[in-house]
Amino acid sequence: MVIALKINKIREMSSSDLEKEIGELKSELFKLRFSLATNGLDNPMRIKEVKKDIAKIKTVLRERELKEENA
């Protein structure tokens, strides 16, 4: 089982790593939704966790973007 990402760990990662992580999480989310539709998903709460991880990463990327604009 994959553990949800912590915000501190996300903030330590580079922007390119975060973009890569978003791609992987979106791929995982697609697979989870597909499994749910075909009644093969063991842990439906994993979908919620993945969506939250994507939101956390997007938030950090947006914070960095705003910080660059103001600098």
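Please treat every number below as a calculation from the coordinates, not as lab data. Here the structure is a predicted model, which means the values were calculated and not measured. Here the Cβ is made from the backbone with ideal geometry for all residues, glycine too, and neighbour counts use every protein chain on show.
Rounded to the nearest 500, the 222 nm mean residue ellipticity of the chain from helices alone is -26500 deg cm²/dmol, with -39,500 (n - 2.57) taken per DSSP H run of at least 4 residues.
The aspartates and glutamates within cross-link reach of Lys67, meaning a Cα-to-Cα straight distance under 17 Å and a gap of 8 or more places when in the same chain, are Glu12. Calculated over the stretch 7-70, the projected area of the Cα convex hull averaged across directions stands at 4.6 nm².
Here the Gaussian network model covers the chain, with springs between Cα atoms less than 10 Å apart; of Asp17, Asp53, Asp42, Asp42 fluctuates the most. Of the trypsin sites (Lys or Arg not before Pro) in the chain, the ones in a loop by DSSP (not H, G, I, E or B) with at most 13 other beta carbons within 10 Å are Lys6.
Dipole magnitude for the chain: computed about the Cα centre from +1 point charges on Lys and Arg Cβ and -1 point charges on Asp and Glu Cβ, it is near 280 debye.
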